[in-house]
Amino acid sequence: MPRNHGGSDDLSNLQALCFRCNTAKRWEAGCVFCALEGSGRVLLENVLALCIADAYPVTPGHSLVIPRRHVADGLELHQPEWNAVVELLKLRREQLSAQDAAISGWAGLLKARGGLNSVEAAGQIVFHAHWHLIPRREGDCEEPRGGVRGVIGGRQGY
């Protein structure tokens, strides 16, 4: 039930609120990702998420998908927000694949609701949930095998 009709402002009421009501609850002052609205950096968007080019790309086409609602931990998202994030990851992947035939793989994709850094100890720097979509090309690094194991030095090899 909308707040202006007697509904609560609790998180449990979030999905019942209309988009306009939810918009008022989404942003946090000082957050670099919350400030993206109207910045001209948005490549793709839907009601609950947006996609931008990474400001410091690892490879050409490196993109970020960000939920509009400010949450530090991506596991706090509601199912419709997850669906919106995955939709943009897929759309951006299709878009980049169509633009660049040299792309042969992807890193940083959402994997079973994992593949994200949550809290500083895990390497999170911007405390607004986001996912990296990193195009990979044959020969772009010496040894790609091991993937996320490279996060902790010396653990990539099997």
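Figure the gain on full extension for Asp10 and Ala72 (residue separation times 0.36 nm, minus the Cα-Cα span) and round it to one decimal in nm.
Working: separation 62, 0.36 × 62 = 22.32 nm, distance 1.76 nm.
That pair, Asp10 and Ala72, stretches by 20.6 nm at full extension.
Starting from the Kirkwood Rh over alpha-carbon pairs, what translational D in µm² s⁻¹ does the range 28-88 have by Stokes-Einstein at 37 °C and 0.692 mPa s?
Working: Rh = 12.1 Å.
Here the translational diffusion coefficient equals 271 µm²/s.
Rule-based calculations on the coordinates, nothing more; no lab input. Small disclaimer: the values here were computed from a predicted structure and weren't measured.
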